[in-house]
Amino acid sequence: MNKQVVSDGTLGKSLDILDSVVGFGRAVRFSEVLEISPYPKATLHRIMQSLTSQGMLAYDEERHVYVPGMRLVRTARHAWNQSSLAPLAAPFLDTLASDVGETVHLAQMENGRVVFIDKRTPENGFKTMAVAGRRAPAHCTGVGKAMLAFMDEKRRAQALENQLYEPFTPATHTTPGTLMTELDAIRASGVAYDREEHEQGIVSIAAPIFDGYRRVIGALSIVTSTMRMAPDALENFRPALLRTTAQIGTEAAVWPFPAAQ
């Protein structure tokens, strides 16, 4: 067991275990889940059996592996359609990626972590590693800083508590003080930049997406490589980026999307 988790009873433990199974991104054996689980073997087995009987997990008896169950898949699909910006934003991402000729990322935030929910890469655009569902730190990504800068103070304070300030590159913020200074600048300018802070050679310009109540519900970024473009040249994408975030925000105004957490 290699982590400590505070759970809300059986429900909390069940959700922790579902997260663990799904997090493998493939069929997984019980022993693999046990290896990373904070729960005793008997507890883990009992809950996984219960999740399987409820259709949230499925067990392949021939391969002796667990996979997400169809009930979980159906629930996730309905939740995705109701709470994710991706379906609504899709046509705007298509247009923006085509117009700028670079990869576009759409993200939301959960518990201070960026969650990529969609991307578009034009034929000759720079290929990035981000995929829907992948998580990333907020303190060193363009989309993360864009959302942090425009959150209300309470949510921003909660999100900042979850930043670990890992030094991914020499340009990464490693203290709250330097990050807060940049967040002030982002609020003044309206856009955020990733200047090789998460990955060496990768840069982006990002802007927040607001709902009808001016709550931050996501962020959009245009991403490229320093081999293709000087970081300062990203400023040329500002008009198209802000136009697109405004369009998505207008469409999202009548939908009950959750604010960035």
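Some observations on this one:
- Under 26 Å from residue 154, Cα to Cα: lysines that are on another chain or at least 8 residues apart: 145
- Cross-link reach list, aspartates and glutamates versus residue 127, counting only Cα pairs under 17 Å and skipping chain neighbours closer than eight places: 94, 99, 102, 118, 194, 196, 199
- Put a dot 7 Å past the Cα of residue 43, heading toward its Cβ, do the same for residue 127, and the two dots end up 4.4 nm apart.
- Modelled FRET efficiency - R0 22 Å, residue 74 with residue 161, Cβ distances, 0.05 increments: 0.05
- Computed FRET value (nearest 0.05) for residue 88 with residue 134, which takes r as the C-beta separation and R₀ as 22 Å: 0.65
- Placing a pseudo-label 7 Å from each Cα along the Cα-to-Cβ vector at residue 19 and residue 213 gives an inter-label distance of 2.5 nm.
- Spacing of the two label points (7 Å from each Cα toward its C-beta) at residue 236 and residue 178, in nm: 2.9
- Of all the options 78, 105, 45, the one that moves most in a Gaussian network model of the chain with Cα springs shorter than 10 angstrom is 45.
- When each of the peptides 148-157, 215-224 is scored by the mean number of other C-beta atoms lying within 10 Å of its residues, the order from highest to lowest reads 215-224, 148-157.
- Subtracting the Cα-Cα distance of residue 169 and residue 246 from their residue separation scaled by 0.36 nm leaves 24.5 nm.
- In terms of the mean number of neighbouring beta-carbon atoms within 10 Å, the peptides 85-91, 106-112, 59-65, 179-185 order highest first as 106-112, 85-91, 179-185, 59-65.
- This structure gives Cα Rg over 2.2 N^0.38 Å, computed directly, and of [x] 0.97; [y] 1.03; [z] 1.09 that value is listed as [z].
- With a Förster radius of 41 Å applied to the beta-carbon distance between residue 32 and residue 110, the computed FRET efficiency rounds to 0.95.
Computed from the coordinates by the stated procedures, all read-outs in this text should not be read as laboratory data. Computed from a predicted model, the values in this text were never measured in an experiment. Don't worry about glycine lacking a Cβ; one is built from the backbone with ideal geometry, like all the others, and counts go over all protein chains shown.
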